[in-house]
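Okay, structure first, notes after.
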Amino acid sequence: MDKTPIVIKDVYELQCLVKTQKNHGKIIGLVPTMGFFHEGHLSLVEKIKTYCDYIVVSIYVNPAQFSPHEDLDTYPRDLKGDIEKLKRVGVDLVFTPDCKSMYPENYQSFVCVRDVTKPLCGNKRESHFEGVTTIVAKLFNIVQPNIAIFGEKDYQQLLTIKQMVRDLYFPVKIISGKTIREDDGLAKSSRNSYLSSEDREKATIIYKALIKSSLEVKNGNLKTPENIKIFAANIILTVQGAVIDYLECLDAQSLKTTESLNKPVVLACAVFFGKTRLIDNIIIK
Ligand code: AMP
């Protein structure tokens, strides 16, 4: 049965409500998002529901994690549709703060996580992760959840949040949800809506490359991270118009370069199809 969530914009109103729930002994779960929901987002809600009694979903397109030339203005938004979808999965509260309350005049404080944010997206999207950690730290302070969930699709983001929580002693347990994909393997993403039908078809090459590379490792045909990276890049580049922004095979825990496959590695990439930049990854054990 559908359950209509309470929708709250105001920070203090939200804090009051959540505090009451905590006082009643409820375990609070938080799902931070930028909205325009697909099944990936909803799977995080479904998963965290199994750990919590009271679910808060935040919807906020955070300007601090977009560089000036990026798609902040055109980022897809559909608050009404999102709330309808949340009704079906059943959440308690939707937090929709505005920029005035998140970054008021004379705002000055940012959270910076160092090493793990340096490669991959961090190397390509200036100050992106500082924007992410800042907004997530703010959400943690506002909502004070017991548990928060992040998608493995944004693998570097997940590691960064875990690092921040560990370093700054946030009293939050971080769990992750696996990447939900379309039937042809393309990772679900709000940005898929930008793709022309031709590019949508071409974009399937990303997951094909990740999966084939992983299989070749299992079959013993690829023996170093460098070989994996070259193999995957060559597959992606068979598709006309696919432009690799980065493609790396790094230690899956530290995101440092490694020369061996003794420990799990992550094969992660960002690929442009036209102006649309898609990211994906696979862990190879
Ligand atoms: P976003 O709205 O893009 O900021 O994403 C909100 C959360 O959903 C993040 O933790 C993402 O990692 C997660 N997410 C995005 N796409 C997927 C997907 N295809 N499968 C699972 N989780 C996802």
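The values are calculated or read from the model by the stated rules, or taken from the named source; none is laboratory data. Owing to the predicted nature of the structure, the values given are computational and were not obtained by experimental measurement. In this analysis, Cβ positions are derived from the backbone assuming ideal geometry, glycine residues included, and neighbour counts consider all displayed protein chains. Please note that ligands, DNA and RNA were not included when accessible areas were found on the heavy atoms of the full protein model with its side chains. Shrake-Rupley method; radii C 1.70, N 1.55, O 1.52, S 1.80 Å.
Could you tell me whether any residue of the range 75-85 is more than 16 Å from the ligand (Cβ to nearest atom) and touching a Pro at 6+ places or on another chain (Cβ under 7 Å)? Reasoning before the result, please.
Applying the first criterion (more than 16 Å from the ligand (Cβ to nearest atom)) to the range 75-85 yields 80, 84.
Checking which are touching a Pro at 6+ places or on another chain (Cβ under 7 Å) leaves us with none.
No; the residues of the range 75-85 include none that is more than 16 Å from the ligand (Cβ to nearest atom) and touching a Pro at 6+ places or on another chain (Cβ under 7 Å).
Determine if the range 163-174 includes at least one residue that is open to solvent by less than 20 Å² (accessible area, probe 1.4 Å), touching a residue at least 24 places away in the same chain (Cβ under 8 Å) and either among the hydroxyl-bearing types (Ser, Thr, Tyr) or within 9 Å of the ligand (Cβ to nearest atom) (or both).
No.
Scan the range 142-150 and tell me whether some residue there is open to solvent by 10 Å² or more (accessible area, probe 1.4 Å) and polar (S, T, N, Q).
yes
Being more than 20 Å from Asn146 (Cβ to Cβ), in a helix (DSSP H, G or I) and in contact (Cβ under 8 Å) with a residue 60 or more places away in the chain is the filter here; which residues of the range 5-40 pass it?
Listed by number, the residues that qualify are Glu39, Gly40.
Can you work out which of the residues in the range 207-250 that are buried (at least 17 other Cβ atoms within 10 Å of the Cβ) and out of contact with any helix residue (DSSP H, G or I) (no Cβ under 9 Å at 6 or more places or on another chain) is farthest from Asp280 (Cα to Cα)?
Once the filter is applied, the top-ranked residue is Pro225.
Residue by residue, here is whether (1) more than 16 Å from the ligand (Cβ to nearest atom); (2) modelled with pLDDT of 95 or more; (3) of a type in the set (D, E, K, R) holds:
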position: Lys19; (1), (2), (3): yes, yes, yes
position: Lys22; (1), (2), (3): yes, yes, yes
position: Gly29; (1), (2), (3): no, yes, no
position: Pro32; (1), (2), (3): no, yes, no
position: His38; (1), (2), (3): no, yes, no
position: Glu46; (1), (2), (3): no, yes, yes
position: Ser58; (1), (2), (3): no, yes, no
position: His69; (1), (2), (3): yes, no, no
position: Leu72; (1), (2), (3): no, yes, no
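Residue check, Val94 against (1) at pLDDT 95 or above; (2) assigned to a loop (DSSP other than H, G, I, E, B), all met but one. Which one?
(2)
Which one of Val56, Val89, Val31 is within 18 Å of the chain's Cα centre (by Cα) and over 30 Å from Leu247 (Cβ atoms)?
Details: Val89 fails: within 18 Å of the chain's Cα centre (by Cα); Val31 fails: over 30 Å from Leu247 (Cβ atoms).
Exactly one of Val56, Val89, Val31 is within 18 Å of the chain's Cα centre (by Cα) and over 30 Å from Leu247 (Cβ atoms), namely Val56.
Tell me, yes or no, whether the range 181-203 has at least one residue that is open to solvent by less than 20 Å² (accessible area, probe 1.4 Å), part of a helix (DSSP H, G or I) and within 16 Å of the ligand (Cβ to nearest atom).
Yes - at least one qualifying residue is present in the range 181-203.
Sort out which residues of the range 145-162 are assigned to a helix (DSSP H, G or I), of a type in the set (A, V, I, L, M, F, W, C) and more than 9 Å from the ligand (Cβ to nearest atom), and write them in order of number. Break it down stepwise before answering.
Step one: of the range 145-162, the residues assigned to a helix (DSSP H, G or I) are 152-162.
Checking the rest, the ones that are also of a type in the set (A, V, I, L, M, F, W, C) come to 158-159, 161.
Of everything in the range 145-162, just one residue is assigned to a helix (DSSP H, G or I), of a type in the set (A, V, I, L, M, F, W, C) and more than 9 Å from the ligand (Cβ to nearest atom), namely Leu159.
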